[in-house]
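What follows is a short report on a single structure.
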Amino acid sequence: MELSCKIGASLFLMVTVFSSSCLSHTLRFKADEKWDHFVYAQQWPQTACNSANWQKEHECRIPSQVTTWTVHGLWPTKGDTIGPNNCNQSWPFNPDEIKDILPRMEQFWPNLFTDSKPDAFWTHEWDKHGTCGVDLEAINSELKYFQTGLLLNQKVNLTRSLSDHGIVPSSNKTYTYDDVINAFTDTFGAAPLMNCYYNKTTRTSYLEQVSFCLTKSFEVFDCKTASPALYALYSDEECWTDESVVIPPIIHSPTILPVVRLSRR
């Protein structure tokens, strides 16, 4: 299948080069590979906290240094599946490995749940996902894995993409699904997966997560075009295309906005 992207990323020993030219390449899911691409997910902190607090799943608070989209995870993925997961239980998360990048982790890959240990989120992401990608040199250690996720947060800059298209966080301004998805597609040359929490009363989708598919050389490609089956796996909480989309402003306090989750199953 032929795929194209507006930006390309080559990451070797943590030296990242993003090209402004449109690259064309072919992605083939190979049966003999343990995994063949990434799903790279970023979350909007305010919606993530609103959802967790309202559903009483977690106590959630946004630290003062968090002001933008944050990393949820960098997930090695196999073909039309979710996973592999938990690939090496003998290589547990070690907080000492990332002590030199801790301030950046707390800002751009933070654990927002105050009812869990500070490094619980990072432990989960490394144990479940990071251990599955160590056969790739760019992420063959815990430090490299988290450094790569942080670098991608800068390069796949969702805040800049949205603001360049006149889309900014607001409590009362809404955007169409097409406004948002087209902004990302125009910036990155591929459409992401977008997940929302839905308020049934106001018929409003609160944007929570944006995920891009990446090749092993960190080039963005369109998940839906490349593999409808893969796209479907992540679409259970996809933003409704016919509803308004809100990106609530970040509030550095326990205060939350009323958000009602509507199951799409």
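The values are calculated or read from the model by the stated rules, or taken from the named source; none is laboratory data. Everything numeric in this text was worked out from a predicted model, so none of it was measured. Note that each Cβ is placed from the backbone with ideal geometry, even for glycine, and that neighbours are counted across all protein chains shown. Surface areas here come from the heavy atoms of the whole protein model, side chains and all, with no ligands, DNA or RNA. Shrake-Rupley method; radii C 1.70, N 1.55, O 1.52, S 1.80 Å.
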Next item on the list: Provide the per-residue ³J(HN,Hα) series for the range 184-199, in order, calculated from phi with Karplus coefficients 6.51, -1.76, 1.60 and θ = phi - 60°, each as a whole number of Hz, with x at glycine and proline positions.
Entry: 5, 5, 5, 6, 9, x, 7, 8, x, 8, 10, 10, 10, 9, 10, 9
Next item on the list: With a 1.4 Å probe and all protein chains in place, put HIS252, HIS72 in order of accessible area, largest first.
Entry: HIS252, HIS72
Checklist line | Of VAL71, SER141, ILE98, farthest towards positive along the dipole that unit charges on Lys, Arg, Asp, Glu beta carbons give the range 41-169 | finding: VAL71
Margin query: Can you give me the Kirkwood hydrodynamic radius for the range 99-139, using every pair of distinct Cα atoms, in Å to one decimal?
Written below: 11.3 Å
Notebook entry, point to check: What length, rounded to one decimal in nm, is gained on full extension from GLN154 through to ASN182, with 0.36 nm per residue of separation minus their alpha-carbon distance?
Noted result: 8.1 nm
Item checked: Accessible area of TRP91 in the full protein assembly, 1.4 Å probe (Å², nearest 10) -> 90 Å²
Margin query: Please compare each pair in LYS173/LYS200; LYS128/LYS200; LYS155/LYS224; LYS56/LYS224 to a cut-off of 28 Å on the Cα-Cα distance and tell me which ones are over it.
Written below: LYS128/LYS200; LYS56/LYS224
Margin query: Just to confirm the filter: which trypsin sites (Lys or Arg not before Pro) across the range 48-143 are DSSP coil and have at most 15 other Cβ within 10 angstrom of their Cβ?
Written below: LYS56
Note to self: Spelling out what I want: for every residue of the range 66-80, take phi, set θ = phi - 60°, compute 6.51 cos²θ - 1.76 cosθ + 1.60 (Karplus), and round to whole Hz; glycine and proline get x.
What the structure shows: 8, 10, 8, 4, 10, 6, 8, x, 10, 10, x, 9, 10, x, 9
Item checked: Order of exposure, largest accessible area first, which applies to HIS165, HIS129 with probe 1.4 Å -> HIS165, HIS129
Check: Between ASP135 and GLU106, what is the spin-label point distance in nm, taking each point 7 Å from the Cα along the Cα→C-beta axis?
Finding: 3.7 nm
Next item on the list: Quick one: accessible surface of ARG203, probe radius 1.4 Å, all protein chains present, in square angstrom to the nearest 10.
Entry: 130 Å²
Checklist line | Paramagnetic label zone (point 7 Å from Cα along Cα-to-C-beta, TRP91; backbone N under 12 Å) in the range 141-173 | finding: 141-146
Notebook entry, point to check: Which distance in nm do the two modelled labels at GLN65 and ILE250 give, with both placed 7 Å along the Cα-to-Cβ direction?
Noted result: 1.2 nm
Margin query: Which aspartates and glutamates, if any, have their Cα less than 18 Å from the Cα of LYS144, not counting same-chain residues under 8 positions apart?
Written below: ASP96, GLU97, ASP100, GLU106, ASP119, GLU125, ASP127, ASP135, GLU219
Note to self: How large is the accessible surface of GLU33 in square angstrom, using a 1.4 angstrom probe and rounding to the nearest 10?
What the structure shows: 60 Å²
Margin query: I need to check one value: relative contact order of the range 43-90, counting alpha carbon pairs closer than 8 Å and at least 6 residues apart, in percent.
Written below: 32 percent
